[in-house]
1. So what's the gap between the Cα centers of segment B:344-402 and segment A:2-80, to the nearest angstrom?
2. Grab the beta carbon distance between A:Ala142 and A:Ser250, set R0 = 25 Å, and tell me the FRET efficiency rounded to 0.05.
3. Which one, A:Leu148, A:Ser239, A:Thr316, is farthest towards the positive end of the dipole of chain A when Lys and Arg carry +1 and Asp and Glu -1 on their Cβ?
4. How high is the relative contact order of segment A:109-242, in percent, with contacts defined as C-alpha pairs under 8 Å that are six or more residues apart?
5. Please sort by residue number the GluC sites (Glu not before Pro) in segment A:490-592 whose DSSP state is loop and whose Cβ has at most 12 other Cβ atoms within 10 Å.
6. Please arrange A:Thr262, B:Thr354 by counting, for each residue, the other beta carbons lying within 10 Å of its beta carbon, fewest first.
7. Under a straight-distance cross-link criterion of Cα-Cα below 18 Å, which lysines are reachable from A:Lys150, leaving out those fewer than 8 residues away in the same chain?
8. Any idea which of A:Gly329, A:Ala291, A:Thr489 is furthest toward the positive side of the dipole for chain A, if Lys and Arg beta-carbons carry +1 and Asp and Glu beta-carbons -1?
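Every read-out reported here was derived from the displayed coordinates using simple, explicitly stated rules and does not represent laboratory data. From a predicted model like this one, the values you see are computed outputs, not experimental measurements. Backbone-built Cβ (ideal geometry, glycine too); neighbour counts: all protein chains shown.
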There are 2 protein chains.
Amino acid sequence: MYKAPVDEIAFTLKHVAGMAGALESGALGDLGEDLVDAILSEAGRFATEEVAPLGDVGDRQGSRLVDGKVQTPDGWRDLYHNWIGGGWNGLTAPDEFGGQNLPHMLHVAAMEMWNAGSMAFALGPTLTMGAVDALEKHGSAALKATYLPKMVSGEWTGTMNLTEPHAGSDLGVLKTRAERRDDGSYRIFGQKIFITWGEHDFTDNIVHLVLARLPDAPAGTKGISLFLVPKFLVNDDGSLGERNDLFCHSLEHKLGIHGSPTCTMIYGDGKFGAEKGAIGYLIGEENRGLACMFTMMNNARLAVGMQGVAIADAATQKAIAFAKERTQGKAPGWAGQGMSPIIEHPDVARMLLTMKSLTQGSRAIAYACAHAVDMGHADGAKATYWQERSSLLTPIAKSFATDAGVDVASLGIQVHGGMGFIEETGAARYLRDARIAPIYEGTNGIQAIDLVTRKLPLSGGEHVRGFVAELREIASAVSASNREGFGATAARLDAALDDLSDATEWLLAAVSAGKLSEALAGATAYQRLFGLALTGAYLAKGGLAEASDGKDEQRIALSRFAAENMLAETSALKDRVVTGADSLAAARAVLG
Amino acid sequence: MYKAPVDEIAFTLKHVAGMAGALESGALGDLGEDLVDAILSEAGRFATEEVAPLGDVGDRQGSRLVDGKVQTPDGWRDLYHNWIGGGWNGLTAPDEFGGQNLPHMLHVAAMEMWNAGSMAFALGPTLTMGAVDALEKHGSAALKATYLPKMVSGEWTGTMNLTEPHAGSDLGVLKTRAERRDDGSYRIFGQKIFITWGEHDFTDNIVHLVLARLPDAPAGTKGISLFLVPKFLVNDDGSLGERNDLFCHSLEHKLGIHGSPTCTMIYGDGKFGAEKGAIGYLIGEENRGLACMFTMMNNARLAVGMQGVAIADAATQKAIAFAKERTQGKAPGWAGQGMSPIIEHPDVARMLLTMKSLTQGSRAIAYACAHAVDMGHADGAKATYWQERSSLLTPIAKSFATDAGVDVASLGIQVHGGMGFIEETGAARYLRDARIAPIYEGTNGIQAIDLVTRKLPLSGGEHVRGFVAELREIASAVSASNREGFGATAARLDAALDDLSDATEWLLAAVSAGKLSEALAGATAYQRLFGLALTGAYLAKGGLAEASDGKDEQRIALSRFAAENMLAETSALKDRVVTGADSLAAARAVLG
């Protein structure tokens, strides 16, 4: 069973991602290390003791649609109310609406732990927080006053309604329509699919954020507006009024995250209310909905990255525990009685160390991204620098961590052998759950397009160049440390950073020359190259930290393992970026 | 829906795997190309029209245990009887027992097509064929006369009973016991788990091959005997007699292959018959059961490899079809109306070409292995050479193809985006089904141990060296062809073969020096390196074939794509083999 690795999380936050410096410099206000530790510790306890034990039942039962109502798995409603009772829903929300206004770094660390306990459960609050974000930044004072306090407390949940059957990643073609009413509100008509937690029995009300098009809107993405559409209308005194004209038509039957109801939502079908059309309220300006949506999407992407880290950690813990218990054969050098635990077989140890490296590497990348988000708010003098850093890191964190989630979960099954294929073992659930994360909130291929075409060119390429230079300092410090345990880490990391640098320059030149096909042919390879190089750098940074918690040598050894076993892949990835496009174009005819 | 790629399969058999030469030399007797084509074509038709349409229902319904009986999915019983009616069960079986005595090459090609239609369905016959193999090679004349004709026709099916709860890969510790009876038969007592198609409603009888231990047997693997234990005893006239004392206690709830009942079998519990103990008949000699089991395991490993090829092909076909239909965004250079089909996006094209390369590469490796099996029987002068070749290729075919199955199925989900996560789409089933193949019939880690410690040292390492030299001839021929479309294929392939050669020599030296820990630390990386190099070589060989079927240029382009985009990974893999062991050992403490 998953046990939240609170110490490891705290270490990574403070000594790898930058929280120690931020605390010391006062960038995080009067937040002190004691409070950080207390929050992480309590979040870890809750995740371990309350969320994780309900993960399996959620997977087995799933959420079900019965007579138009969604029944969540046994125990989940109480779990949710205990969770919001702990104040966890409003961790980073503004205090004026009842939030705790804490740094994003703490938020992602806590998100990791909820998701490791049950990704399907934690997904609901992730959506609420995204809706809170969008409403807080773009909503009118009246909307905020009515909705935000209850969404921050968790008394009501929120959703995002983007996708339609014909419009997934390309929102420009969506058809849901909005009609103006005399009182300044709107009526919404249309069908949305893949709406996560669109209907459930946790709360009395659900606040849907819906993208729709006005009758006179320009075509494409410039004609999309964002509306707040509550399940129940809210009276002036804050009490719930009439049922709004929207409902959940059906739930998807999915590979994983069975506890999370994925809804087809119908707006304005006339099922509820005297007049057809779900009543909605404009957020921001008409036809500017996409900008509002992007506000929440950036943080949501990092949140999805946390799901990858979370599954990777949970799967790794489970596999290590199994590999210590299960005995088969005799490993080379095994001197014990009878069969050896399979962890003694070199190939099993390699799988487990690869899993651990990917988990800790992706965690460090994601936390570093959250640190940049926090510093972007806190450090006025360097606001651009930090905003560019978080912009650059977001697609890498999302894609590398979610790919790691899938890869690690798959290795976890392999470590379990035949037992891994049996559902009751629980290893297969991690793969089934993890598999959605590289897809939603923008597929990892879309993240790669974003990385190459929008993030690399920030400050004319100088931001990414500066970042690589910072990473080189880590390699130099490893070299200067003279710690034998690092082995060839410094040289391997330097070589990986050379590959990163070469691939970056090639892509910057290609993008600026308008050679988009060529640049995009290698975008995914580049994204992985960046993630691997960061994994190598951040594991080494952890090894250098001298936390003196008795684990320094282990961190150094893991850093060396990653450097000597995983970083050599960067050369092949660079090669694919720099030389792969022509053969891709030439082979296109093979696909018919 | 899957459509059997009969032309591609025939091409690979003839021009890449060696069938054309074997036909011409007469090594396959009077078998002619016309008959080969007719068999492949009819197998393809059956797989496409009859098996594939029942794949989904098998997944959805699964096989269920109701009142002690296993109910297979709707339509599957009829499907099975149509299939054996076509004579497919006995394709390679000896004609003296009603088989068709055809080459193993045709068998694996047909197996690929059944598995692509439904892996869960095709798995049953795979087990029967393994049992036929073991019985034919090691059974007494009486046993063969009683059981083989009906197992060859498919009137009865067969199973393999190896695993017990505490004994998976390590058979030395199994506890099922056999007691001698006065009439020369035995009584069997014990519990076996993970017994594929151990019980079902297809046939009147099921013939279990069961590993068990005699009371006076030596400890470990030298004390294991193999028994034939029928579900119903067979009277002297061949009619069915009493129910034997064995039954299916329960079915596993698995990640995939839901249609295939995975049984816990109880032997000798006293549920049936007057006296406790399931009656069994010795196959081969007492305490020599493992040797008999290995007879069927080698071919079974290649058969599992075919499952990987099959799923990879089916998943690739599905993803290509979707990517041509689905439109999203505008790809660079897209000049059409509206959104472009996603296949126009470079990243999607790259995923699809990677899927296609892995499918065709693993298919070629598996067919080449089957060719070596056939030549081992046919070519007396070079029997050792061919037997060593099939021995060497078996672990590579099994592991590379089953890893490809998982990777390609996962990419297939990614190509489908959100739809890929919805079960009704069918892409997720491929991943769920594929995930067992790297585990059963010896995990891929065990294949790697076999490859490095038993296969590389064949003929003192000269066999593998000679094989690499043969592969170099392909690179030379590419270079000599002067076909511009090959791009850098020859150079990339040569570099990959350098890596293969270096890693091979390092491992041969390590194994012969008794440095097993070091050798096994990189065994999995080596196995993948070998598979990748073979993929590059066999795709190039296909490109060189000049089949003049209008696809020469496409094969050359795909070969180039694989060479320029995938082969660079061999350098990192070699590195892991040659330098990775020390850091692995040093990091072992990280795992606690």
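1. 47 Å
2. That pair, A:Ala142 with A:Ser250, gives E of 0.15.
3. My answer, from the dipole projection, is A:Thr316.
4. It rounds to 20 percent for segment A:109-242.
5. A:Glu546
6. B:Thr354, A:Thr262
7. Leaving aside lysines fewer than 8 places away in the same chain, those within reach of A:Lys150 are A:Lys137, A:Lys231.
8. A:Gly329
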